[in-house]
Every structure is written in structure tokens, then in C-alpha cells.
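**Q** One structure, as C-alpha cells, below. Some questions next.
The values are calculated or read from the model by the stated rules, or taken from the named source; none is laboratory data. Predicted model only: the values in this text are computed from it and were never measured. Cβ sites come from the backbone with ideal geometry, for glycine too, and all protein chains shown count toward neighbours.
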Amino acid sequence: MRVLVILLLLANASLFAFTRLDTAGSEAILLQDQVQPDKIKLLTPQQVAALGPGKVAALADVCMEWGPFSEPDRGRALAELEPLQLGRLLSQKRVEYDSGYWVNTGPFASRAAAETRMGELRRQGIRELAVAEAPRGQFAVSFGNFRTEPAAVAYTEELARLGVTLAKVERKTAPVTQTLVVVRDPQQAVVGRMRELAALFPGSELRVAACERPT
């Protein structure tokens, strides 16, 4: 009787072990069928952004960077974002590029002549102006520096609408400092609006990146 009990216990143990192995094997096969590593693709934040505003809004601890902007365009961009009431979620970041373009008028034989012209332009409503040195010891009135030629050309067109028709675009080999507008953890409506605005600022781009930690 004792031997029979032992045999029954051994049989049960064997059956239990076989069942576990069979279940584990089945689960492994099912998992292999369901998860195919070669077909898994991790999307970058930029690729997620391309899928739509809702995808960007679902990301955690990310920032949307918009720009780069010259001084005139920076003011316009911030004014367009003001209705969104972003508060502390909105910040700005200065970036420097090796070269770019600048919009100017001139040259003028003396600094005094350039400053006189600058005063006239300010009376026309142009605010972001500066006197800059031009070749051969002359001077020019600068309307601002731009990262890309399309952005510079677009600004000359804006100036033309304001009555300034002699502004020209020239290549600038010196470093150009621009500004990025940064929005932290943007909501879907904010992403959608920024996409609309980006189309109105030639040369500007939207980029999704991990937020920089404050130093």
C-alpha cells in the first residue's frame, strides 16, 4: 500500500511538471508569434510630432522649439503666442550660427547719415534697427540678421508693405545670433496653433526635443 501511494505521488508530480513545461512552451510560442522584434520601430520625438498634435501632447517632459528668429520676427512670434497664455511654460533660447543673412539699406558715407535714415525709418514704424559698418569705411542701417535666405527675403517683403522699398538681402559670414521660442509640455491645441504659425514665418521650423534641465 505504501509503495502504491509513493507511485501515485510520483505520477502526479510528473504530470504537474509536464503540464507546466507544456504551458510555458505554448506561452513562449504565442509570445514569439505576437512580438516580432524585427517589426518593432521606435519613433523619435520628431517622427511622433509628424503624426499629429495629439501625439506630441501625449509625450512626457518634452519641449517644442520654434524658430530660429531674428529680433523683428521674435517679437511678432511672441505676440502671436500671447493669446495662448502659456505663462511659465514659455521660454526663449539664444542660438548662434556660423553664418546667415542680413537685411540692410545703404551704404551711407558717414554714421551721422545712417543715423538720420534710421530716425526716418523709426517714424515709419520700424523699431528693430541698428547702424552697422559697411565695406570701404561706410555705414548701413541693419534691419536684422536671419538664419536663412527665405526668412530674410520675407522680411524685405514685409518692409515693402510698410513703404520701405530699398532694403536688400546680403550674405553674412560672421556668426549670427538668433532666438528659439520654447514651449514646455505643449497641449494639443498649442501644438496645432504653433504648426499654423510656423507656416507664416518663412525659414522657421518646429522641433520636439527633451527639455533642457535648468543650470
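**Q** What is the number of the single condition among (1) out of contact with any Pro (no Cβ under 7 Å at 6 or more places or on another chain); (2) surrounded by fewer than 20 Cβ atoms within 10 Å (Cβ to Cβ); (3) closer than 22 Å to A113 by Cα; (4) small (G, A, S) that S142 does not meet?
**A** (2)
**Q** Looking at A189, A154, A160, can you tell me which residue is among the small types (G, A, S), assigned to a helix (DSSP H, G or I) and not assigned by TED's automatic domain parsing to the domain that holds A132? Step through it out loud before you land on a result.
**A** On the way: A154 fails: not assigned by TED's automatic domain parsing to the domain that holds A132; A160 fails: not assigned by TED's automatic domain parsing to the domain that holds A132.
From the options A189, A154, A160, the qualifying one is A189.
**Q** Let me ask something else about it. Could you list all residues from region 110-130 that are farther than 16 Å from V164 by Cβ and not in a loop (DSSP other than H, G, I, E, B)?
**A** Hits for region 110-130 are R111, A112, A113, E115.
**Q** Here's something else I'd like to know. Return the total of residues in region 166-189 being more than 30 Å from A134 (Cα to Cα) and either free of Cβ contacts under 8 Å to residues at least 24 places away in the same chain or in contact with a strand residue (DSSP E or B) (Cβ under 6 Å, 6 or more places away or on another chain) (or both).
**A** Here the count works out to 5.
**Q** Okay, next question. Counting only residues that are hydrophobic (A, V, I, L, M, F, W, C) and part of a helix (DSSP H, G or I), which one in region 71-109 is surrounded by the fewest Cβ atoms within 10 Å (Cβ to Cβ)? Before you say what the answer is, go through the steps one by one.
**A** Restricting attention to region 71-109, the residues satisfying the condition of being hydrophobic (A, V, I, L, M, F, W, C) are 77-79, 81, 84, 86, 89-90, 95, 102-103, 108-109.
Filter once more, keeping what is part of a helix (DSSP H, G or I): 77-79, 81, 84, 89.
Numbers: A77: 22, L78: 15, A79: 9, L81: 18, L84: 16, L89: 16.
My answer is A79.
**Q** Follow-up question, since we're still on this one. Evaluate the following for A130: is it among the small types (G, A, S), exposed (fewer than 15 other Cβ atoms within 10 Å of the Cβ) and under 20 Å from Y101 (Cα atoms)?
**A** Yes: the conditions hold for A130.
**Q** Within region 90-119, restricting attention to residues that are touching a residue at least 60 places away in the same chain (Cβ under 8 Å) and hydroxyl-bearing (S, T, Y), which residue is nearest to S70 (Cα to Cα)? Show your work before the answer.
**A** Our first condition is that a residue be touching a residue at least 60 places away in the same chain (Cβ under 8 Å); within region 90-119, this holds for 90-105.
Still in the list and also hydroxyl-bearing (S, T, Y): 91, 97, 99, 101, 105.
Numbers: S91: 16, Y97: 12, S99: 13, Y101: 10, T105: 17 Å.
So the residue we want is Y101.
**Q** Scan region 145-171 residue by residue and report those that are among the basic types (K, R) and surrounded by 19 or more Cβ atoms within 10 Å (Cβ to Cβ).
**A** Scanning region 145-171 gives a single hit, R147.
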